[in-house]
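The values are calculated or read from the model by the stated rules, or taken from the named source; none is laboratory data. Predicted model only: the values in this text are computed from it and were never measured. Note: ideal-geometry Cβ built from the backbone for every residue, glycine included; neighbour counts use all protein chains shown. Only protein heavy atoms, including side chains, enter the accessible area calculation; ligands, DNA and RNA are left aside. Shrake-Rupley method; radii C 1.70, N 1.55, O 1.52, S 1.80 Å.
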Amino acid sequence: MTTPSQTLLIHGWGANHHIFDPLLAHLPATGQKHWCIPDLPGHGCAPFDGTFNIDSIADQLATQLTARTHLLGWSLGGMVALSLAARYPEKVASLCLTASLAKLMASRDYPQGLQRVSLNMMASKFSEDYPKYMHEFLHLQMLYADICARTSINSLVDAICQYGPPTALNAALHALEQADLRPLLSSINCPVLLVYGGRDAITPPRMGEYLHQQLPQSEWCLLPQAAHTPFLSHPDEFARVLGQFWEQHS
């Protein structure tokens with residue numbers, strides 16, 4: 001197998017590429033010639049044309065991949081990564097989904113989803129005072145983290161919030177709530193690592209367990225004390241598992 005020379009990290013709703021800043025120091029550099037960490041449309045410094053379409057974003061990101069690539073997608077970013085892996089299998093060496101999902105809302109044939117969500121309230125708060133509520137959100141995710149991880153939150157919030165609130169908050173939220181990527185799962189033919197937090201109320205472990213059942217080449221990793229940002233609250237453990245996975249599939 002050709003050694004991948006790219007790694008693409010895709011952030012989730014309401015954040016931007018800086019959410020991965022603390023993790024980068026923990027990730028193995030061996031074999032990784034190029035990191036690609038974009039902002040999703042209307043997040044960070046990325047422009048927004050008024051539409052937020054998961055498949056279209058995957059198409060656009062695929063044009064940036066010049067070699068077989070390791071994908072890492074967090075939350076909504078994991079849905080973009082799923083779409084990319086299904087639509088461009090020749091460009092993907094492996095896929096890591098953390099705190100991500102195929103479908104958000106529960107239905108008769110998908111009890112793993114949520115019965116109701118409070119993300120609309122979060123979108124309103126982010127628009128009102130982005131630094132304050134981003135800090136509150138990340139603080140909640142770090143309740144069970146070690147003290148070193150918790151002390152990095154203030155500088156991380158400053159980096160994330162330097163661009164102001166994302167202009168695509170509502171459009172991206174609508175895309176997240178409406179998306180159903182379950183039909184794509186049978187098209188995923190690359191190795192998949194699923195990393196979830198045992199204390200995650202936004203994408204609870206059952207959503208990852210569903211993916212594990214549907215993806216025959218998937219590996220399951222549960223971090224019991226992590227919430228919705230396992231790569232921030234438990235960076236050493238997350239990076240160790242991910243590094244081993246990349247080494248195995250490069």
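Gyration tensor analysis over the Cα atoms of the chain returns equivalent ellipsoid semi-axes of 24, 21, 19 Å (largest first, whole Å).
Just how large is the dipole of the stretch 142-223 about the Cα centre, in debye to the nearest 20, putting +1 at every Lys and Arg Cβ and -1 at every Asp and Glu Cβ?
Working: 4 positive and 7 negative charges, 12 e Å.
Dipole about the Cα centre, nearest 20: 60 debye.
Considering only alpha-carbon pairs that sit under 8 angstrom and 6 or more positions apart, the relative contact order computed for the stretch 119-188 is 39 percent.
Treat every Asp and Glu Cβ in the stretch 84-215 as -1 and every Lys and Arg Cβ as +1, leave all other atoms uncharged, and give the resulting dipole magnitude about the Cα centre to the nearest 20 debye. Present the calculation step by step, with values, prior to reporting the outcome.
Numbers: 11 positive and 11 negative charges, 52 e Å.
With only Lys, Arg, Asp and Glu charged at Cβ, the dipole is about 260 debye.
Counting only DSSP beta bridges whose two residues both lie in the chain, roughly 5 percent are antiparallel.
Over all other residues within a Cβ to Cβ distance under 12 Å of SER107, the charged ones net out to +1, with Lys and Arg as +1 and Asp and Glu as -1.
The share of accessible area on the chain that comes from carbon and sulfur is 51 percent, using a 1.4 angstrom probe. Between amide H atoms placed 1.01 Å from N, distances below 5 Å from ILE188 occur with no residue 5 or more places distant or on a separate chain. Label separation (ASP21 vs TYR163): 1.3 nm, computed from points 7 Å beyond Cα along the C-beta direction.
Where nothing but the Cβ of Lys and Arg (+1) and of Asp and Glu (-1) is charged, how large is the charge dipole of the stretch 77-150 around its Cα centre, in debye to the nearest 20?
Numbers: 8 positive and 6 negative charges, 41 e Å.
Dipole about the Cα centre, nearest 20: 200 debye.
The C-alpha atoms of the stretch 102-163 occupy a region whose extents along the principal axes are 43, 29, 16 Å, arranged from largest to smallest.
Between LEU193 and LEU95, CYS96, LEU97, GLU219, the built amide H atoms are under 5 Å apart, and every one of these is 5 or more places off in sequence or on another chain. Above 17 Å, the calculated P(r) of the stretch 166-250 contains 58 percent of its Cα-Cα pairs.
Shown are LYS125, LYS103, LYS91, LYS132, whose ranking by accessible area with a 1.4 Å probe and every protein chain present, most to least, is LYS132, LYS125, LYS91, LYS103. Accessible surface for the chain, divided over its residues, is 43 Å² per residue with a 1.4 Å probe. Under a 5 Å amide H cut-off, with hydrogens placed 1.01 Å from N, LEU114 pairs with MET105, ALA106 among residues at least 5 apart or on other chains.
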